[in-house]
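Chemist: Mind looking over this structure? Questions follow.
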Amino acid sequence: MEQHIKITPAAASSIDSVDFDHLAFGSTFTDHMFVCDFKDGAWGTPEIVPYAPMQISPAASVLHYGQAVFEGMKAFKDENGSVWLFRPEQNAKRINKSAERLAIPTFPEEVLLEGMKKLISLDKEWVKAGVGKSLYVRPFVFASQAGVQASAANEYRFMIICAPVASYYGGDVRVKIADHYSRASQGGVGYAKAAGNYGGQFYPTQLAKEEGYQQVIWTDAATHEYIEEAGTMNLFFRIDDTLVTAPTSDSILDGVTRKSILELANHLGIKTEVRALKVSDLIEAKKSGKLLEIFGSGTAVVVQPIIGFGYKGVNYDTPIPENNYAQKLKDALLDIQYNKTEDPFGWRFKVCD
Ligand code: COI
């Protein structure tokens, strides 16, 4: 694998055509993208080229069998104009864990980190300062080989694209707890950031939206009794002042924000429990007044309060309490991400000044 990254700068920037105050999440992209192809058993020369549509064979394996995985992380600009990533080495490891599960060749972590650094540095004007503003960085890899034989491909393309973003959800979030559809099952690919894990949620989420919910809380596929995750977020429940989250498993994504929240909570003296949580326990806690708040965590959403949930046709309100953990933890996380405070955990990764 060549370490050298070949750079072809864009002839002109499209940044002036972007309204940074009205960004729909992940729909505007920066001037450059990172590309590296796998062929004849090896990754080729990584390149950064102008962002542009690309040719793909109609027979490309990914279009037929969904052999693709991705990652998501954010770059932040601090008050001095320096740009930082948050724990990118975690994402670099995870994309390879996902790739292995999908029989995709792993990508050298140091090339991914270096590629992101170079790409974001080149497009650093697209990272706007101000809490809430960031650059969403999307590495992904897909089977590019032409051929409809149903087996792992021999050719792949690894790419990184970047999108300036603001908040993920515009307003309040209510969720529906799944009692019929499933996201992932034991022994499946739920722990991986596989493209199909997301596509498979769209239909049940559409149905939930028609009922007034923004997302679905997925439960275990075998019994629908245990709470897992919400598709774009891991979940936290404050029960009697203890923050409870489900253990990661082969059907739950090992979220980087999830593990950071757990570490921050411990640091701030908030009691945490990583344990299986039954839907019936949650409803019991709600009825007895012990369920004090619910929130989700994820790269895109950061920390998202959930103001109510529905289960089997009954709605339960979970209004945001005063002095809520969600805001406390979100503030602590953002302070580190935007370089407003010490970083006792060593989570910040300098991209450029
Ligand atoms: C992320 O937070 O990076 C996610 O995976 C959510 C994404 C599907 C928008």
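The values are calculated or read from the model by the stated rules, or taken from the named source; none is laboratory data. Note that this is a predicted model, so its numbers are computed, not measured. Backbone-built Cβ (ideal geometry, glycine too); neighbour counts: all protein chains shown. To get the accessible areas, we keep the full protein, side chains included, count just its heavy atoms, and leave off ligands, DNA and RNA. Shrake-Rupley method; radii C 1.70, N 1.55, O 1.52, S 1.80 Å.
Chemist: If we scan segment 312-320, do we find a residue that is more than 22 Å from Asp220 (Cβ to Cβ) and open to solvent by less than 30 Å² (accessible area, probe 1.4 Å)?
Modeler: Here is the first cut: in segment 312-320, the ones more than 22 Å from Asp220 (Cβ to Cβ) are 315, 317, 319-320.
Those still in the list that are open to solvent by less than 30 Å² (accessible area, probe 1.4 Å) too: none.
No; the residues of segment 312-320 include none that is more than 22 Å from Asp220 (Cβ to Cβ) and open to solvent by less than 30 Å² (accessible area, probe 1.4 Å).
Chemist: For a quick check of your reading of the model, give me the residue pairs whose first member lies in segment 277-300 and is within 22 Å of Lys312 (Cβ to Cβ), whose second is within 16 Å of the ligand (Cβ to nearest atom) and open to solvent by 10 Å² or more (accessible area, probe 1.4 Å), with beta-carbon atoms closer than 6 Å and at least 6 apart or on different chains.
Modeler: The qualifying pairs are Gly296/Gln304.
Chemist: Hey, can you tell me all the residues within segment 271-280 that are within 18 Å of Asn234 (Cα to Cα) and either of a type in the set (Asp, Glu) or in contact with an Asp or Glu (Cβ under 8 Å, 6 or more places away or on another chain) (or both)?
Modeler: First, the residues of segment 271-280 that are within 18 Å of Asn234 (Cα to Cα): 271-279.
Hits for segment 271-280 are Lys271, Glu273, Lys278, Val279.
Chemist: Turning to a different aspect of this structure: Can you pull out the residues in segment 275-318 that are in contact with a Gly (Cβ under 7 Å, 6 or more places away or on another chain), within 16 Å of the ligand (Cβ to nearest atom) and not in a loop (DSSP other than H, G, I, E, B)?
Modeler: Within segment 275-318, Ser297, Gly298, Gln304 meet the criteria.
Chemist: Which of the following residues is over 16 Å from the mean Cα position of the chain (by Cα), closer than 23 Å to Asp317 by Cα and among the polar types (S, T, N, Q): Thr219, Thr223, Thr232?
Modeler: Details: Thr223 fails: closer than 23 Å to Asp317 by Cα; Thr232 fails: over 16 Å from the mean Cα position of the chain (by Cα).
Testing whether each residue is over 16 Å from the mean Cα position of the chain (by Cα), closer than 23 Å to Asp317 by Cα and among the polar types (S, T, N, Q) leaves just Thr219.
Chemist: Which one of Ala265, Ala246 is surrounded by fewer than 22 Cβ atoms within 10 Å (Cβ to Cβ) and either over 27 Å from Ser185 (Cα atoms) or within 16 Å of the ligand (Cβ to nearest atom) (or both)? If you could, list the steps in order and put the result at the bottom.
Modeler: Values: Ala246 fails: either over 27 Å from Ser185 (Cα atoms) or within 16 Å of the ligand (Cβ to nearest atom) (or both).
None of the others qualify; the one that does is Ala265.
Chemist: Just checking, does segment 88-98 include any residue being over 21 Å from the mean Cα position of the chain (by Cα) and at pLDDT 95 or above?
Modeler: As a first pass, look at segment 88-98 and keep what is over 21 Å from the mean Cα position of the chain (by Cα): none.
For segment 88-98, residues over 21 Å from the mean Cα position of the chain (by Cα) and at pLDDT 95 or above: absent.
Chemist: Determine, yes or no, whether Phe76 is assigned to a loop (DSSP other than H, G, I, E, B) and surrounded by 14 or more Cβ atoms within 10 Å (Cβ to Cβ).
Modeler: Values: assigned to a loop (DSSP other than H, G, I, E, B): no; surrounded by 14 or more Cβ atoms within 10 Å (Cβ to Cβ): yes.
No, not satisfied.
Chemist: Here is a follow-up. Condition first: part of a strand (DSSP E or B), within 16 Å of the ligand (Cβ to nearest atom), modelled with pLDDT of 95 or more and crowded, with 20+ Cβ neighbours inside 10 Å. Can you find one or more residues in segment 142-150 that meet it?
Modeler: Applying the first criterion (part of a strand (DSSP E or B)) to segment 142-150 yields 142-143, 146.
Subset that is within 16 Å of the ligand (Cβ to nearest atom): 142.
Among the residues that remain, those that are also modelled with pLDDT of 95 or more are: 142.
Add one more test, that the residue is crowded, with 20+ Cβ neighbours inside 10 Å, and what stays is 142.
Yes, there is a match, as at least one residue in segment 142-150 is part of a strand (DSSP E or B), within 16 Å of the ligand (Cβ to nearest atom), modelled with pLDDT of 95 or more and crowded, with 20+ Cβ neighbours inside 10 Å.
Chemist: Let me confirm something: among Thr232, Thr223, which residue is surrounded by fewer than 23 Cβ atoms within 10 Å (Cβ to Cβ), closer than 20 Å to Thr299 by Cα, assigned by TED's automatic domain parsing to the domain that holds Thr257 and among the β-branched types (Val, Ile, Thr)?
Modeler: Details: Thr223 fails: closer than 20 Å to Thr299 by Cα.
Being surrounded by fewer than 23 Cβ atoms within 10 Å (Cβ to Cβ), closer than 20 Å to Thr299 by Cα, assigned by TED's automatic domain parsing to the domain that holds Thr257 and among the β-branched types (Val, Ile, Thr) holds for just one of Thr232, Thr223, which is Thr232.
Chemist: Let me ask something else about it. Of all the residues that make up segment 56-72, how many are open to solvent by less than 20 Å² (accessible area, probe 1.4 Å), away from the ligand (no atom under 16 Å from the Cβ) and either of a type in the set (Val, Ile, Thr) or in contact with a Phe, Trp or Tyr (Cβ under 7 Å, 6 or more places away or on another chain) (or both)? So that I can check it myself, show each step before the final result.
Modeler: If we filter segment 56-72 for residues that are open to solvent by less than 20 Å² (accessible area, probe 1.4 Å), which is where we start, we get 60-61, 67-69, 71-72.
Now restrict to residues that are away from the ligand (no atom under 16 Å from the Cβ): 60-61, 67.
Checking the rest, the ones that are also either of a type in the set (Val, Ile, Thr) or in contact with a Phe, Trp or Tyr (Cβ under 7 Å, 6 or more places away or on another chain) (or both) come to 67.
Of the residues in that region, 1 qualify.
Chemist: Which one is farthest from the ligand (Cβ to nearest atom) among residues in segment 79-106 that are part of a helix (DSSP H, G or I) and open to solvent by less than 10 Å² (accessible area, probe 1.4 Å)? Steps first, answer last, please.
Modeler: The first filter runs over segment 79-106 and keeps only residues part of a helix (DSSP H, G or I), leaving 88-101.
With the extra rule that they be open to solvent by less than 10 Å² (accessible area, probe 1.4 Å), the set shrinks to 88, 91-92, 95, 98-99.
Values: Pro88: 12, Asn91: 9, Ala92: 14, Ile95: 12, Ser98: 11, Ala99: 16 Å.
Filtering segment 79-106 for residues that are part of a helix (DSSP H, G or I) and open to solvent by less than 10 Å² (accessible area, probe 1.4 Å), the one farthest from the ligand (Cβ to nearest atom) comes out as Ala99.
Chemist: It is to be established whether one or more residues within segment 13-27 are touching a residue at least 40 places away in the same chain (Cβ under 8 Å), among the β-branched types (Val, Ile, Thr) and part of a strand (DSSP E or B).
Modeler: no
Chemist: Please go through segment 268-284 and pick out each residue that is farther than 25 Å from Thr205 by Cα and open to solvent by 40 Å² or more (accessible area, probe 1.4 Å). Step through it out loud before you land on a result.
Modeler: Start the filter on segment 268-284 by keeping residues that are farther than 25 Å from Thr205 by Cα, which leaves 268-275, 284.
Answer for segment 268-284, where residues must be farther than 25 Å from Thr205 by Cα and open to solvent by 40 Å² or more (accessible area, probe 1.4 Å): Leu268, Gly269, Lys271, Glu273, Val274, Arg275, Glu284.
Chemist: Shifting gears a bit: Report the residue count in segment 107-137 for those that are open to solvent by less than 10 Å² (accessible area, probe 1.4 Å), more than 16 Å from the ligand (Cβ to nearest atom) and not in a helix (DSSP H, G or I).
Modeler: 3
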